[in-house]
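Let me begin by presenting the structure, written as structure tokens, before commenting on it.
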Amino acid sequence: MISQPLLEWYARYARQLPWRDHPDPYAIWISEIMLQQTRVETVIDYFANWMQAFPDIETLANSSEQDVLRQWEGLGYYSRARNIHKAARILQSEYDGRLPADPQTLLKLPGIGRYTAAAITSIAFGMDQAALDGNIRRILSRIFDISLPIRTPAAEKLFWQLAEENLPAGQAGDYNQALMDLGATICLPGKPRCLLCPLQQHCLAFERGVQEQRPVIPQKKPIPHYIVTAAILERNQRFLLAQRPANGLLGGLWEFPGGKQEENETLPVALQREIMEELGCEVSVGAHFGEYQHAYTHFRVTLHAFICSIINGEPQPIEASQLAWVRAEQLSDYPMGKIDRQIAEQLRKNADKSL
């Protein structure tokens, strides 16, 4: 069993994190969702601000989706925030504003999968539930020298089996958190710090000298790169924003309207076409305002923003949920993705300079 040396190490070296030993299971739920695809260092401040804004499930359930998205802004993967909000409303209406301790019940809530249900019930409620995330997969693949490509059905079955077999009864919460800490600080991707590892003597990959080849990761496809345009339209010292549809990438967030450049299009032509499709009006494309880069999970974008003027028609929310004309100083009230926030901040600074 690897649990004993791991728990002894955790007792000495556990990271001090604001959601650990928190008396409310709600805090564990929020932290676990925030930690998906996001570094702990980034989550700490977001978690503190979230708990101040939404200290309990009732407050969260009674808040608007826009307030929730604004609080989440910058964390990315915004479906997480929308699912938290939906789940909070279900919990408020059906479970008296409490998080249920039953993992099968948790699995019925939006945004909670097998790992998150296990993490919540083991850490918050002390249940004997094995958890399996990226850190834990990496550790198990090295300890047991698993050569199966990670995330394949056969590998997943084996990982869950090993996670459950090595779970210490009555200590699942600390054990799961110890594995998370070990993966975050010692059993690192690429270059594990094996000489500091409490499980070195139990690690088959270390014994065989293949720890840097574990886990086996299937070759990834090349990440596509898109060129995108955006229009900065001003009227009476207000700028036009479009709200993205609730479903899909950046759902519910606000943006400067525009879209993707197609083959053989110049940037101005692409932007004029996109504005006609999205807003049903014609624009003239003026000065280049800025170039912005951002990488999403499965693609990268370079966005070119232009100062534009409406020359025919009135903007309509053809593809957007709604439109809004917003003063520069009020742009911060509208939740946005990273690139649109950069544009908004530059507009605000420009407005401040002109005063």
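Structural remarks
- Computed 3J(HN,Hα) for the range 246-258, one whole-Hz value per residue from the Karplus formula 6.51 cos²θ - 1.76 cosθ + 1.60 where θ = phi - 60°, is 4, 8, x, 4, 6, x, x, 7, 9, 8, 7, x, x, glycine and proline marked x.
- Whole-Å distance, taken between Cα centres, linking the range 168-239 and the range 255-283: 38
- Rounded, prolate or oblate (a/c below 1.5 giving rounded, otherwise prolate when a/b exceeds b/c) for the range 225-354 by Cα gyration tensor: rounded
- As a length-normalised measure over Cα pairs under 8 Å and 6 or more apart, the relative contact order of the range 225-354 settles at 32 percent.
- Packing-based ranking, highest mean first, of 164-177, 333-346, 315-328, 208-221 given that Cβ atoms within 10 Å are counted: 333-346, 164-177, 315-328, 208-221
- When only Cα pairs below 8 angstrom with a gap of at least 6 residues are kept, the chain shows a relative contact order of 15 percent.
- Spin-label model distance (nm) - Asp96 vs Ile44, 7 Å beyond Cα toward Cβ: 3.7
- The structure shown yields Cα extents along the principal axes in Å, and of the options (i) 72, 48, 37; (ii) 59, 52, 40; (iii) 57, 55, 40 that calculated value carries the label (i).
- Normalised contact order of the range 53-132, rounded percent, pairs of Cα under 8 Å and 6 or more residues apart: 23
- Packing-based ranking, highest mean first, of 112-119, 229-236 given that Cβ atoms within 10 Å are counted: 112-119, 229-236
- HN-Hα J in Hz across the range 53-65 - Karplus 6.51, -1.76, 1.60, θ = phi - 60°, x for Gly and Pro: 6, 10, x, 8, 5, 4, 4, 5, 5, 8, 8, 7, 4
- Potential extension, Asn264-Glu282 segment - 0.36 nm per residue separation minus Cα distance: 4.5 nm
- HN-Hα J in Hz across the range 278-295 - Karplus 6.51, -1.76, 1.60, θ = phi - 60°, x for Gly and Pro: 8, 10, x, 9, 9, 10, 9, 9, x, 5, 6, 8, x, 10, 9, 10, 7, 10
A short reminder: the numbers here are calculations on the coordinates, not readings from a lab. Computed from a predicted model, the values in this text were never measured in an experiment. Counting neighbours? That spans all protein chains shown, and the Cβs are built from the backbone with ideal geometry, glycine included.
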